[in-house]
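Below is one structure, written out as structure tokens; comments come after it.
The values are calculated or read from the model by the stated rules, or taken from the named source; none is laboratory data. Since the model is a prediction, treat every value here as computed from it, not as a measurement. Reconstructed Cβ throughout: ideal geometry from the backbone, glycine too, with neighbour counts over all protein chains shown. Only protein heavy atoms, including side chains, enter the accessible area calculation; ligands, DNA and RNA are left aside. Shrake-Rupley method; radii C 1.70, N 1.55, O 1.52, S 1.80 Å.
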Amino acid sequence: RRGAGCAEWTSHRRSGGPASFRETQTDPDAALPLWCTRGTKLLIPYAVGGAMALGIGLANPNPSNDAQITLTMRTEQGTTIPMTITDVNNNFSPTAVSSFSLAKRSHRAILAKPLDGTGEVRGVIELNANVPIYALGIRFNGLAFTSFRALGK
């Protein structure tokens, strides 16, 4: 049985643990250190193209407000380029996507890439939200993947 989940805990001490990820095409899974950063302005570094893919895990812990999230993809030279992300059915949008809503107390995983999808490109994706959100980057290269933390801006 497959599913996605989310847990919330409260502590007065700094805490962490593993996150379990599964690649759904061929079914390998891995437990990786859970490194999440919370904020209204976050950066996700990326390198996509060829065998490289970028996943982003997002969570909105706010109990009363939906998160309005704006995404901006910039190359390592700082140029803004149009990007596309997967929808809730895991299909890429045929047009550029620059924002979406994340319901209160919910989570979502997306894949992100330049809209034209040509060649390898590196840079950062800027996430701007109206409420603090958590973000975690997941980099795929074939069947291997690893997680990395978002950077606070």
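Listed values, structure above:
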| read-out | value |
| --- | --- |
| Residue match in the stretch 96-105 (condition: assigned to a loop (DSSP other than H, G, I, E, B), among the β-branched types (Val, Ile, Thr) and exposed (fewer than 13 other Cβ atoms within 10 Å of the Cβ)) | no |
| Matching entry among ASP87, ASP27, ASP116 (being charged (D, E, K, R) and at pLDDT below 80) | ASP27 |
| Failed criterion for LYS113 (all others in (1) charged (D, E, K, R); (2) in a loop (DSSP other than H, G, I, E, B); (3) touching a strand residue (DSSP E or B) at 6+ places or on another chain (Cβ under 7 Å) hold) | (2) |
| ASN89 vs. criteria more than 24 Å from ASN141 (Cα to Cα) and more than 15 Å from the chain's Cα centre (by Cα) | no |
| Every residue from the stretch 129-145 that is open to solvent by 40 Å² or more (accessible area, probe 1.4 Å) and out of contact with any Phe, Trp or Tyr (no Cβ under 9 Å at 6 or more places or on another chain) | ASN130, PRO132, TYR134, PHE140, ASN141, GLY142, LEU143, ALA144 |
